[in-house]
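This report concerns only the one structure given below.
The values are calculated or read from the model by the stated rules, or taken from the named source; none is laboratory data. Fair warning: this is a prediction, and the values are worked out from it, not measured in the lab. We place every Cβ from the backbone using ideal geometry, glycine too, and count neighbours over all the protein chains shown. Heavy atoms of the whole protein, side chains included, go into the accessibility calculation; ligands, DNA and RNA do not. Shrake-Rupley method; radii C 1.70, N 1.55, O 1.52, S 1.80 Å.
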Amino acid sequence: MLTITANAKKYLKEQLKKKGHKYAGLSLKPSGCAGFEYVWDYADEDHNGRVVADILVVEQNAEFAVAGSVVDYNSSLAGSELTIENPNVQNACGCGVSFNLGEVSG
């Protein structure tokens with residue numbers, strides 16, 4: 001499925017506690033010049049998605065697209081963000097928001 005680093009897990013747990021939700025949610029939507037965009041959200045139910053590390057629900061529309069990925073949390077003076085290192089991404093747009101996928105087996 002996918003891996004969540006210790007930094008990302010700590011960050012997500014803090015956000016879930018602060019916002020009062022059970023899970024973070026990850027899905028995909030068609031977007032941008034390259035095809036897809038990750039969508040982060042909060043959820044209190046798993047809605048038949050796959051629960052990873054007891055904190056992240058990967059929606060069915062993203063499950064195969066993020067297989068083998070690593071979710072990390074990076075913080076610097078310029079800002080902080082959750083990142084996804086996804087081996088299935090074939091091309092990304094110049095702004096880094098949207099991407100398209102290579103051959104994803106499922």
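If R0 is taken as 30 Å, the Cβ-Cβ distance between ASP46 and ASN100 corresponds to a FRET efficiency of 0.65. Put simply, the amide H of TYR42, placed in the peptide plane, has neighbours under 5 Å in GLY25, leaving out anything fewer than 5 places away on its chain. Relative to the longest principal axis of the Cα atoms of the chain, the long axis of helix 6-19 makes an angle of roughly 60 degrees.
Charging the Cβ of each Asp and Glu at -1 and of each Lys and Arg at +1, and nothing else, the dipole of region 2-106 about its Cα centre rounds to 360 debye.
So for the chain, averaging the separation of alpha carbon pairs under 8 Å that are six or more residues apart and normalising by length, what relative contact order in percent results? Relative CO of the chain lands at 29 percent. Ligands, DNA and RNA are left out, and with a 1.4 angstrom probe the accessible area of region 36-81 is 60 Å² per residue.
Note on mean projected area of the Cα convex hull in nm²: of the candidates (i) 6.9; (ii) 7.4; (iii) 6.0, the value calculated from this structure sits at (i). Estimate the FRET efficiency between CYS93 and LYS22 by the formula 1/(1 + (r/R0)^6), using the beta-carbon distance for r and 35 Å for R0, to the nearest 0.05. E(calc), rounded to 0.05, equals 0.60. Sorting the segments 19-30, 35-46, 51-62, 69-80 by their residues' average number of neighbouring beta-carbon atoms within 10 angstrom, most packed first, yields 51-62, 19-30, 35-46, 69-80. Here the accessible area of the chain is 46 percent carbon and sulfur, with a 1.4 angstrom probe and all protein chains present. Straight Cα distances below 15 angstrom link LYS18 to the aspartates and glutamates ASP41, ASP44, with same-chain residues fewer than 8 positions distant left out.
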